[in-house]
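*Asks:* To start, I am sharing the structure in question, which I have written as structure tokens.
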Amino acid sequence: MAKFRRRTCFILSLFILFIFSLMMGLKMLRPNKAAFGDPFELELLPEIRQRTHLTKGFDSQKSDKISSKTNIKNLKTEEITVKASVASEAHPEQLPPLNYYLHVFYYSWYGNPQFDGKYIHWDHPVLSHWDPRITKKYPKGKHNPPDDIGSRFYPELGSYSSRDPSVIETHMKQMYSASIGVLALSWYPPDLNDENGEPTDNLVPTILDKAHKYNLKVTFHIEPYKNRDDKNMYKNVKYIIDKYGNHPAFYRYKTKNGNALPMFYIYDSYITASQKWANLLTSSGSQSIRNSPYDALFIALLVDKKHRYGILRGGFDGIYTYFATNGFTYGSSYENWAKIKYFCDQFDLMFIPSVGPGYIDTSIRPWNSHNTRNRINGKYYETALSAALQAHPSIISITSFNEWHEGTQIERAVPKRTGNIVYLDYRPHKPSLYLELTRKWSEKYRKERAIYALGHQELSRQPVS
């Protein structure tokens, strides 16, 4: 009996050892980066069934604390700021062709003492909440560059000036490396600017020249400047086309009837009455730009579902969604993109969904943490890109290349700690993570678009029964 027990124990021990060895072997075979699966199963998305003010989703404050603790731990063994590096940049011969159906929103409003005599935008003020009781809970004042900037991330180029030619060139190089074909330049008319900036129209020639060097094209993202209406919009569109329209980097989109037309994104288009837009954008309008040398494609911002028919009445040519916060608006919610595409197809409008790598604006709106979207090491961005491709859009727009205040940038960012501020970064990945992901998805979109665009052409050739 004792001998039998010993033999049983021995066999059992061997079996346990076998199971342990098998599990360890499987663990070692598991790839370091698991394949990107269904975002809903992986819980990569916030609750998307709610609309503007989300009460569920990522616990952004908790995730920020976790990121900060991780950054502090890692930064103990490295330099305070990582210097710019070109080692990870792809060589031109390794890059896929530029995708002119992939646009990125670009901001030229940054300044520093060396080029502008002062810091501009990096010293962004902390914005007040509309409820004074909430405002009291948060600090006031402005950021103090170069170490304290109005962003939760820190640029590899530091607190740069948008007037620095070397910065503009580096930006074009980064877009080129990401296979982005078109930058949509935030634009105010000459002598006008946003409330925290300075006029920037005089930078357009340099941006066009630098873009052309890398075969990039430039379109215009017209901001809601003071008293914007149909009359001054006509003058400003005429100004842009007359002054910049002959530059080889000036973007034109080839329409289905073969015309190559300029394109203008109109930010906050909904704040102007649709009748005003109709004066400009319909052939019978009092300020009509149609069938003139200044005709163009005008793309309206869709925020709320009810804005759709106002966009139609206004005579717009398409819709974009801008916000990189899934669930924040009707337009920015991925679950609505198929319905928006269907609406656009019904009325022959272009659909341009906007995707982003994440969102965090608590450096300038500390009370807005409920709208933070964690980047999840690139997975949030890939989820957005995947959702956009599924909608078979005319164009995909990226929010943004360098809107640092809202944390939507794909520009290279680096770890940095100063005083009691610990900036977020892209680790464990390289500063070029989001440029590389953009290049990957640009190529995927280029191939898929060619297939469904061909299918659409063949369908349109079918005889009407």
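*Asks:* Can you tally the net charge around PRO248? Count Lys and Arg as +1, Asp and Glu as -1, for every other residue whose Cβ sits under 14 Å from the Cβ of PRO248. Kindly include the intermediate steps, with their values, before the conclusion.
*Replies:* Details: positive: LYS210, LYS213, LYS217, ARG252; negative: ASP209.
For residues surrounding PRO248, the net value is +3.
*Asks:* Would you mind working out the accessible area per residue for region 272-368, using a 1.4 Å probe, and quoting it in Å²? Kindly include the intermediate steps, with their values, before the conclusion.
*Replies:* Working: 3300 Å² over 97 residues.
Heavy-atom SASA per residue in region 272-368 reads 34 Å².
*Asks:* At 1.4 Å probe size, with no ligands or nucleic acids counted, give the accessible surface of ASP361 in Å², nearest ten.
*Replies:* 0
*Asks:* Oh, and also: Express in Å², to the nearest 10, the accessible area of GLU335 obtained by rolling a 1.4 Å probe over the protein heavy atoms while all chains stay in place.
*Replies:* Estimated to the nearest 10 Å², GLU335 gives 80 Å².
*Asks:* Quick check for you: with a 1.4 Å probe and neighbouring chains kept, what is the accessible area per residue of region 409-457, in Å²?
*Replies:* Ligands and nucleic acids excluded, the figure is 44 Å² per residue.
*Asks:* Could you state the accessible area per residue of region 186-268 in Å², with a 1.4 Å probe and every protein chain left in place? Don't skip to the end; give the middle numbers.
*Replies:* Details: 3830 Å² over 83 residues.
Per residue, region 186-268 has an accessible area of 46 Å².
*Asks:* Moving to a separate point now. At what distance in angstrom do the alpha carbon centres of region 213-263 and region 280-335 lie from each other?
*Replies:* For region 213-263 versus region 280-335, the Cα centre distance is 15 Å.
*Asks:* With a ≥ b ≥ c the root eigenvalues of the C-alpha gyration tensor of region 250-326, is it rounded (a/c under 1.5), prolate (a/b larger than b/c) or oblate? Spell out each step's value before the answer.
*Replies:* Values: a/c = 2.21, a/b = 1.25, b/c = 1.77.
Verdict is oblate for region 250-326.
*Asks:* Among TYR320, TYR330, what's the order by accessible area (1.4 angstrom probe), most exposed first? Provide the component values of the computation, followed by the final result.
*Replies:* Numbers: TYR320 0, TYR330 20 Å².
Greatest to least solvent exposure: TYR330, TYR320.
*Asks:* Take every Cα-Cα pair in region 358-430 and report what % of them are more than 19 Å apart.
*Replies:* Above the 19 Å cut-off, region 358-430 has 42 percent of its Cα pairs.
*Asks:* Beyond 24 Å, what percent of the Cα pairs of region 276-410 remain? Each step should come with its number before you reach the end.
*Replies:* Numbers: 3269 of 9045 pairs.
The proportion of pairs with Cα distances above 24 Å equals 36 percent.
*Asks:* In the structure shown, do any of LYS213/LYS243; LYS226/LYS305; LYS254/LYS440 have a Cα-Cα gap over 22 Å, and if so which? Intermediate results must be reported in sequence, preceding the final value.
*Replies:* Values: LYS213/LYS243 19 Å; LYS226/LYS305 26 Å; LYS254/LYS440 25 Å.
Flagged as over cut-off: LYS226/LYS305; LYS254/LYS440.
*Asks:* What is the distance, in nm, between label points placed 7 Å from the Cα along the Cα-to-Cβ direction at LYS305 and at LYS430?
*Replies:* For the pair LYS305/LYS430, the computed spacing is 4.5 nm.
*Asks:* Quote the accessible area belonging to ILE421 in square angstrom, nearest 10, computed with a 1.4 Å probe and with ligands, DNA and RNA left uncounted.
*Replies:* It works out to around 40 Å².
*Asks:* Here is a further query. Quick one: net charge around ILE289, please, counting Lys, Arg +1 and Asp, Glu -1 for every other residue with C-beta under 12 Å from its C-beta. Intermediate values should be presented prior to the final figure.
*Replies:* On the way: positive: LYS231, LYS235, LYS238, ARG290; negative: ASP230, ASP295, ASP317.
Residues near ILE289 contribute +1 overall.
*Asks:* Label-point separation (nm) for TYR225 and HIS247, each offset 7 Å from Cα along Cα-to-Cβ?
*Replies:* Here the modelled spin labels are 1.5 nm apart.
The values are calculated or read from the model by the stated rules, or taken from the named source; none is laboratory data. All of these numbers come straight from a predicted model, not from anything done at the bench. Virtual Cβ from ideal backbone geometry, glycine too; neighbours counted across all protein chains shown. Heavy atoms of the whole protein, side chains included, go into the accessibility calculation; ligands, DNA and RNA do not. Shrake-Rupley method; radii C 1.70, N 1.55, O 1.52, S 1.80 Å.
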